[in-house]
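To keep things clear, I will list the structure first and then write my remarks on it.
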Amino acid sequence: MKKILILGGHGDGLIAAQIIQDMQRAGEAVTLAGFLNDHQQTNDCIEGIPVLGNIADWAQFPADYYFYPALHKLKQMPQR
């Protein structure tokens, strides 16, 4: 089972979450673990999906997690 974390949140992040949930319902071996988001507190939820930390926390997750970057603020991308 592939565990997926979305880097981001509202907007494109929620679209990605919907797609991942649709894939799971269709029988794909994926699960949406949650979001990493710099604008929400850890343990908050975005549309019922947990925020598991800030974007910088990605390296703390085990190697079996996959990351989907739903970040599109181009001027801020080098910082992230």
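The values are calculated or read from the model by the stated rules, or taken from the named source; none is laboratory data. Owing to the predicted nature of the structure, the values given are computational and were not obtained by experimental measurement. Here the Cβ positions follow ideal geometry from the backbone for every residue, glycine too, while neighbour counts run over all protein chains shown. Remember, those area values only see protein heavy atoms, side chains included, never the ligands or the DNA or RNA. Shrake-Rupley method; radii C 1.70, N 1.55, O 1.52, S 1.80 Å.
For segment 17-55, how many residues meet the condition of being in a helix (DSSP H, G or I) and modelled with pLDDT under 95?
1
Quick one: in segment 11-29, of everything that is more than 15 Å from P69 (Cβ to Cβ) and within 13 Å of the chain's Cα centre (by Cα), which residue is surrounded by the most Cβ atoms within 10 Å (Cβ to Cβ)?
Q21
Consider only pairs whose beta carbons are under 8 Å apart and that are at least six residues apart or on different chains; among these, list those whose first residue lies in segment 1-23 and is closer than 14 Å to Q40 by Cα and whose second residue is part of a helix (DSSP H, G or I) and open to solvent by 70 Å² or more (accessible area, probe 1.4 Å).
Hits for this filter: L7/W58.
Does segment 1-10 hold any residues that are buried (at least 16 other Cβ atoms within 10 Å of the Cβ) and assigned to a strand (DSSP E or B), and which are they?
I4, L5, I6, L7
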